[in-house]
Amino acid sequence: MTQKNQPSAERKNALPSPAKKPYSKPEFRYERVFETLALACGKVHANHPIMGGHFARRRQIFKETLEFYQVDESIKAALLNHADSLRPLITPEAGSNCDPLAARERVNRR
């Protein structure tokens, strides 16, 4: 009988067992931490400006996510305050309105 035609139990016994490698603990791999400046926020959205309504909606989704994961109120407040502090760097619109003409003008000015 060829090896292909042998029943699986016989084939298992017929094959030499490969030598096992010694166990080695997984290594901890890391990347260097890098810092970014908030000034980059304006450059990120240069070609696709974030309007007031976009910012408000993203903030609301962020807030709902924090609530879903039951983040402590003090941490949630700090994160939302931080997001709000970045708003002037991302959009000049204080309200939640979207003005596509103003967005087009901002893109053309850059």
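None of the figures in this text is laboratory data; all of them are computed from the coordinates on show. All of these numbers come straight from a predicted model, not from anything done at the bench. Heads up, the Cβs are rebuilt from the backbone with ideal geometry, glycines too, and the neighbour counts pull from every protein chain shown.
For the reader, a short list of remarks on this structure follows.
- Full-extension gain in nm, Lys21 to Arg59, via 0.36 nm per residue minus C-alpha separation: 8.6 nm
- Sequence of Lys20, Lys63 once ranked by neighbouring C-beta atoms within 10 Å, starting from the fewest: Lys20, Lys63
- Couplings 3J(HN,Hα) of region 67-75, computed from phi: 5, 4, 8, 6, 5, 3, 4, 5, 5 Hz, in residue order, whole Hz [Karplus 6.51 cos²θ - 1.76 cosθ + 1.60, θ = phi - 60°; x for Gly and Pro].
- For Cys98, the residues whose amide H sits under 5 Å from its own are Gly53, ignoring neighbours fewer than 5 places away on the same chain, with H placed 1.01 Å from N.
- Principal axis dimensions, largest first and in whole angstrom, of region 41-110 by Cα: 43, 18, 17
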